[in-house]
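Shown next, in structure tokens, is the structure this report addresses.
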Amino acid sequence: MNPLFANIPTTIFERMSMLAREHGATNLGQGFPDFGWPEDVVSRAAAELTGAASQYPPMRGLPELRQAVADHYRAHQQIDYSAEQVTITSGATEALAAALLALIEPGDEVVLFQPLYDAYVPIIRRAGGIPRFVSLTPPDWRITAEALGAAFTDRTRLVVFNNPHNPTARLFDAEELRVLGEACIRHDVVAVSDEVWEHVLFDDRRFVPLSAVAGMKDRTVKVGSAGKIFSLTGWKVGWILAPDHLAGPIAKAHQFLTFTTPPNLQAAAAFGLGKAPDYFAGMRSNFQAARDVMDQGLRDIGYVTLPSEGTYFLCIDLAASGIDVDDMHFCLRAVEEAGVAAIPISPFYEDDPVRNVIRLCFAKKDETIETGLAGMKTVRALFG
Ligand code: PMP
Ligand code: GLN
């Protein structure tokens with residue numbers, strides 16, 4: 001048996017969701033909304049399911065979805081890809097796996113930013129890659145040229161980037177994108193840019209894809225997900241956009257992972273991507289309002305929160321809130337004794353973890369936030 005996978009614990013999202021079910025707790029852990037999805041997109045999927053044959057679609061995706069993805073990004077992010085440069089995958093997770101398996105050769109060094117989304121490192125290691133970490137630390141979680149300079153070497157082949165960033169809820173700014181782009185160009189490195197949260201941004205922030213940074217278009221693999229764009233996280237329809245020389249090998253890796261993705265959901269995603277801009281603005285303002293309700297509620301209870309610029313998440317600094325226990329201990333007592341599930345940040349680090357920050361998902365109805373806040377008040381009292 002391969003010890004790599006045998007020794008990996010079950011993901012923190014699955015563990016916390018299981019504990020939430022077991023204890024009947026309000027689940028503010030795993031990132032999924034309990035409101036806000038577009039009914040017309042769901043109806044379209046239902047009609048596609050009953051009205052069309054559910055047989056294998058083309059390996060690289062339904063032509064109409066590949067075109068819709070290209071059109072969507074041209075309209076929303078002013079980046080130019082052809083439908084042939086798009087591959088449809090079973091969620092961003094499969095997109096990442098296909099890209100990493102296609103682009104990494106044994107011994108290649110891969111630069112990553114921690115805290116990081118948990119799917120990256122196991123796949124990189126399985127592909128024979130050697131992870132090199134840039135650590136981001138609260139409260140500002142900034143990427144610096146110095147930290148990049150220490151992580152990139154002449155064996156670096158790939159960087160895996162995530163913006164907007166889970167779990168810190170940061171949108172990396174123009175200066176951070178610039179130094180990252182410079183490092184990639186200087187070391188002739190390809191970037192896999194996980195941009196699944198690109199539409200979930202607040203306070204009128206604008207998203208700049210990594211491929212729009214000077215010199216990056218030909219060396220960037222962009223990953224997106226319908227799950228996040230339509231608040232339907234279980235759909236697992238994702239995609240990869242890549243320049244021709246990278247799109248081919250990545251599609252070859254995809255053909256042996258899932259080969260295809262349900263055609264009905266693909267057709268509905270194609271319909272949804274063409275929705276008018278007010279849908280996207282409305283989705284953002286609903287989640288921004290939920291963020292504000294939760295942020296204020298947490299502050300009222302005496303928690304110190306960190307800014308949430310995007311994603312479904314906001315973080316609490318336990319130490320700054322006067323709570324002197326580690327994040328895992330806090331989250332276990334919260335779910336077991338106070339009926340609220342949260343996510344500790346330390347499992348998002350491979351080494352030298354930050355242990356005083358937890359993440360909450362605010363993409364919830366007011367009543368869910370209210371019961372969650374009651375639990376957060378109870379758990380705060382447990383720690384004096
Ligand atoms: N990347 C990041 C940064 C995520 O936060 C998530 C899901 N929350 C994914 C990838 C996975 O997306 P999907 O569900 O489409 O596989
Ligand atoms: N991306 C979601 C989160 O960060 C969880 C996805 C998963 O459970 N794998 O909460």
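The values are calculated or read from the model by the stated rules, or taken from the named source; none is laboratory data. In this text the structure is predicted, and so the values were computed from the model without any measurement. Here the Cβ positions follow ideal geometry from the backbone for every residue, glycine too, while neighbour counts run over all protein chains shown. When the accessible area is computed, the model is the full protein with side chains, heavy atoms only, and any ligands, DNA or RNA have been set aside. Shrake-Rupley method; radii C 1.70, N 1.55, O 1.52, S 1.80 Å.
Annotations
- Rough spin-label spacing in nm, given labels placed 7 Å along Cα→Cβ, for Ile130 and Ala214: 3.2 nm
- For the chain, the solvent-accessible area of protein heavy atoms averages 40 Å² per residue (probe radius 1.4 Å; ligands and nucleic acids excluded).
- Each 10 Å bin, from zero up to the one with the longest distance, holds this percent of the alpha carbon pairs of the range 324-365: 30, 50, 19, 1.
- In the chain, the DSSP-assigned H stretches of four residues or longer account for a calculated mean residue ellipticity at 222 nm of -13000 deg cm²/dmol, using -39500 (n - 2.57) per stretch and the full residue count as denominator.
- Carbon and sulfur %, accessible surface of the chain computed with the full protein complex present, 1.4 Å: 53 percent
- Annotation: extensible slack from Arg206 through Ala6 equals 67.9 nm (criterion: 0.36 nm per residue apart, minus Cα-Cα distance).
- Compactness index (Cα Rg / 2.2 N^0.38 Å), the range 1-44: 1.73
- Cα gyration tensor, the range 170-230 - rounded (a/c under 1.5), prolate or oblate: oblate
- For the range 67-141, the C-alpha radius of gyration sits at 1.36 times the compact-globule guess of 2.2 N^0.38 Å, with N the residue count.
- Multiplying the residue separation of Thr50 and Glu64 by 0.36 nm and subtracting their alpha-carbon distance yields 3.2 nm.
- Note on Glu22/His245: beta-carbon distance plugged into 1/(1 + (r/R0)^6) with R0 of 45 Å gives a FRET efficiency of 0.40.
- Exposed loop positions in the chain were taken to be trypsin sites (Lys or Arg not before Pro) whose DSSP state is not H, G, I, E or B and which have at most 14 other beta-carbon atoms within 10 angstrom. Between these positions, the longest stretch is 207-364.
- Size descriptor, Kirkwood hydrodynamic radius, that averages inverse alpha-carbon separations across the chain, Å: 21.3 Å
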